[in-house]
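*Asks:* Below: one structure in structure tokens.
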Amino acid sequence: MSLAALLKLGGGEVIFTLAAIMILLVESLFPGFFRRAARVVAEEMIGQKAGDARPSHPVLMALTLILGVASLILVVYEFSK
């Protein structure tokens with residue numbers, strides 16, 4: 001029997017707990033990770049506004065779109081139960 005079954009946790013609670021643990025571990029293992037990530041995103045946004053013609057990464061964009069749609073489908077499925 002799994003730990004989730006013993007604690008009577010549903011799928012949403014398990015995913016939320018794992019996500020929270022991963023965020024805490026990433027920040028403790030790599031200090032400043034989120035600050036650097038925010039700076040990179042801000043630089044990207046500024047570059048796009050300034051008309052910087054950097055090549056986009058269509059494979060990464062497609063993968064992000066697919067994962068986003070899959071996540072949305074899973075959330076809708078969980079709420080429809």
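*Asks:* Which fully enclosed helices (runs of 4 or more DSSP H) of segment 1-79 have 1 or more residues being at pLDDT 80 or above and touching a helix residue (DSSP H, G or I) at 6+ places or on another chain (Cβ under 9 Å)?
*Replies:* Working: elements: 3-6, 11-29, 33-49, 58-79.
Passing ranges, in order: 11-29, 58-79.
*Asks:* Restricting to segment 13-30, name every residue that is more than 17 Å from VAL75 (Cα to Cα) and surrounded by 10 or more Cβ atoms within 10 Å (Cβ to Cβ). Let's see the steps before the verdict.
*Replies:* We begin by selecting, within segment 13-30, every residue more than 17 Å from VAL75 (Cα to Cα); these are 20-30.
Across segment 13-30, the qualifying residues are ALA20, ILE21, MET22, ILE23, LEU24, LEU25, VAL26, GLU27, PHE30.
The values are calculated or read from the model by the stated rules, or taken from the named source; none is laboratory data. Every value quoted in this text rests on a predicted model; they were computed, and no experiment measured them. Neighbour counts run over all protein chains shown; Cβ positions are idealised from the backbone, glycine included.
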